[in-house]
Amino acid sequence: METQVIDYKTQQSRLFPWLAFAYAFRFVGEWLKWLYTDVTQRLQAKDFSTLPEAHACTAGLKSLTTTATADDIEECRKLCGGHGYLCASGLPELFAVYVPACTYEGDNVVLLLQVARFLMKTVSQLHSRKKPVGTTAYLGRLQDLLHCCCDVQRAEDWLKPGVVLEAFEARSARMCVACAKNLSKFENPEDGFAELSADLVEAAVAHCQLIVVSKFIDKLQQDIPRKEVKQQLQNLCYIYVVSLVHNYLGDFLSTGCITPKQASLANDQLRSLYSQIRPNAIALVDAFNYTDHYLGSILGRSDGNVYPKLYEEAWKDPLNDSVVPDGYHEYVHPMLKQQLCNARL
């Protein structure tokens, strides 16, 4: 029994980051709607100043969200064990339908390289009087971000918005500057982009993750009616933040944004956040209000009546129309009785 409880908690802990991702992407999606409206109004007024940033944001976030979602669907299938393979689970169809999103409307890697070009252009203009604005405004504080030290002393410090934002801004800024310096060594910039494409993609991902983190934190600064709801959203926000620190630890350590000790404190805080979110995990999933018909999944039924329905679905399979399937007496039974003739080859 103890082993089952431990395994149950382990499975849940693998799901909690994806739940946090779902909320993070929901809120950044709301911000993208605002960005689209703003850009549209500016274009009508013949103002094209924000168009490059809008393109970089939509391209980068499309790549970031579709890649993460496709990975999340596959992770959910794994967490369901053998049941995840069943068509009745809804996961195989969902995966097959969604994965092409990583390619259509622009291959995700190509889109990230477009974001990287925008970032490299922004860095190259820092010496001019033109200051970066919008999602790249943090690059205007480049010297501070290149020399700042993360102010995490305790695990709870990872719950401070200012500390979190500075760590993500420093990581993105330092990766962008490193790419810009390496690009400057090439006589032909296009050769540099081809040679450094892997580094440029990583810098673009860091920038896009910073956007999502900042918009999630901005959402928490708004008026949220109930204190309990806000607390749960804060837990999800920092699960998203600290899980990114955990998953991209190499970036944070190699750029000197955090120390190994601070990374260890991040893991401690992540475990604490999991324990806080666990009692409300189902309610936070149900808050999206997806119907059984929309989900099309026996495993995700709102009434929890999973196994009887799985049994019913099994009987719908043509192989179960009869007690003994076709071909059994002709092929399987002789094999079991060793009555098949051996091949002459």
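Add -39500 (n - 2.57) for each DSSP H run of 4 or more in the chain, then divide by its residues: what number comes out at 222 nm, to the nearest 500 deg cm²/dmol?
-21500 deg cm²/dmol
How large is the accessible surface per residue of the chain, computed with a 1.4 Å probe and reported in Å² as a whole number?
Here the residues of the chain average 60 Å² of exposed surface.
Check every DSSP H run in the chain and write down those whose alpha carbon atoms cover 15 angstrom or more along the long axis and whose mean Kyte-Doolittle hydropathy is -0.5 or greater.
Answer set is 2-44, 51-79, 108-124, 161-183, 197-221, 227-247.
Using 1/(1 + (r/R0)^6) with R0 = 25 angstrom and r between the beta carbons of residue 185 and residue 148, what's the FRET efficiency to the nearest 0.05?
Approximately 0.40, to the nearest 0.05.
Please tell me the relative contact order of the chain in percent, rounded to the nearest whole number, where contacts are Cα pairs under 8 Å and at least six residues apart.
21 percent
Could you put 63, 197 in order of accessible surface area, largest first, with the 1.4 Å probe and the full protein assembly present?
These residues rank, largest area first, as 197, 63.
Highest mean first, what order results for 127-133, 270-276, 228-234 on Cβ atoms within 10 Å?
Ranking, from highest mean packing down: 270-276, 228-234, 127-133.
Can you match Rg and Dmax of the Cα atoms in Å to one of these, (i) 19.0, 58; (ii) 20.8, 67; (iii) 25.2, 88, based on a calculation from the structure here?
Here the calculated entry is (iii).
Could you compute the FRET efficiency for residue 95 and residue 117, with r as their C-beta to C-beta distance and R0 at 30 Å, rounded to 0.05?
In this case the efficiency is close to 0.45.
Assuming a strict under-29 Å limit between Cα atoms, what lysine pair count do you get for region 153-234 once near-sequence pairs (fewer than 8 apart, same chain) are dropped?
So the count works out to 8.
Using only the heavy atoms of the protein chains and a 1.4 Å probe, how would 321, 157, 303 rank by accessible area, largest first?
So, going from the largest accessible area down, we get 321, 303, 157.
With a 1.4 Å probe and every protein chain left in place, tell me how much accessible area residue 26 has, in Å² to the nearest 10.
Rounded to the nearest 10, the figure is 120 Å².
Carbon-plus-sulfur fraction of the accessible area of region 227-279, 1.4 Å probe, in percent?
53 percent
Using protein chains only and a probe of 1.4 angstrom, how many square angstrom of residue 33 are accessible, to the nearest 10?
Looks like 150 Å² after rounding.
Based on the Cβ-Cβ distance from residue 197 to residue 125, what FRET efficiency comes out when R0 is 22 Å, to the nearest 0.05?
Result of the calculation: an efficiency of 0.50.
If the only charges are +1 at each Lys and Arg Cβ and -1 at each Asp and Glu Cβ, what is the size of the charge dipole of region 139-260 around the Cα centre, to the nearest 20 debye?
540 debye
Could you sort 237, 76 by their accessible area in this structure, using a 1.4 Å probe and putting the largest first?
76, 237
In whole Hz, with x marking every Gly and Pro, tabulate ³J(HN,Hα) for region 286-294 from phi via Karplus 6.51 cos²θ - 1.76 cosθ + 1.60, θ = phi - 60°.
Residue by residue, region 286-294 yields 5, 4, 6, 6, 7, 6, 4, 5, 5 Hz.
The values are calculated or read from the model by the stated rules, or taken from the named source; none is laboratory data. All of these numbers come straight from a predicted model, not from anything done at the bench. Don't worry about glycine lacking a Cβ; one is built from the backbone with ideal geometry, like all the others, and counts go over all protein chains shown. For accessibility, only protein heavy atoms count, side chains too; no ligands or nucleic acids. Shrake-Rupley method; radii C 1.70, N 1.55, O 1.52, S 1.80 Å.
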